[in-house]
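Comments concern the structure below.
Bear in mind these aren't lab numbers, they're just calculated from the coordinates by the rules spelled out. Bear in mind that the values here come from a model prediction, so they are computed numbers and not experimental data. FYI the Cβ positions are ideal-geometry reconstructions off the backbone, even for glycines, and counts take in every protein chain you see.
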């Protein structure tokens, strides 16, 4: 068993990040599903899909849910999953976050959530253009 990964984002973001990550790594080492929201569908309409995907991904070790923006529809959907499935949510999805997660497929849910957070945070720098 291993932790499942559920990526919930605004339309276009999740497919792009997941596609780029799997291309760079030449594999997807964790069971991963993607749910994207759009302007024409209400959060309640997405909830059923989110529950179904989270239950499918949870083989006993829980589900790491990665969302793109705190307070947004994808994040609000993820927060409602806490009542149904064993999940940890990390918000602020970026490429370095997902690469870090995929590099540690044997970790448990808590540790993997920590790697997601550190991968996202460590992938952000201010480049002053002068080597500093």
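Within segment 1-16, the set of residues being buried (at least 22 other Cβ atoms within 10 Å of the Cβ) and more than 21 Å from residue 61 (Cβ to Cβ) comprises 9, 14. The set of residues in segment 74-87 being over 14 Å from the mean Cα position of the chain (by Cα) and touching a residue at least 24 places away in the same chain (Cβ under 8 Å) consists of 80, 84, 85, 86.
What about residue 101, is it part of a loop (DSSP other than H, G, I, E, B) and touching a helix residue (DSSP H, G or I) at 6+ places or on another chain (Cβ under 8 Å)?
no
Residues checked against (1) surrounded by fewer than 16 Cβ atoms within 10 Å (Cβ to Cβ); (2) without any contact (Cβ under 8 Å) to a residue 12 or more places away in the chain; (3) within 17 Å of the chain's Cα centre (by Cα):
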| residue | (1), (2), (3) |
| --- | --- |
| 40 | yes, yes, no |
| 43 | yes, no, no |
| 50 | no, no, yes |
| 53 | no, no, yes |
| 57 | no, no, yes |
| 64 | no, no, yes |
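Does residue 114 fit the bill of being surrounded by 12 or more Cβ atoms within 10 Å (Cβ to Cβ), in contact (Cβ under 8 Å) with a residue 12 or more places away in the chain and either out of contact with any helix residue (DSSP H, G or I) (no Cβ under 6 Å at 6 or more places or on another chain) or in a helix (DSSP H, G or I) (or both)?
The answer is no for residue 114.
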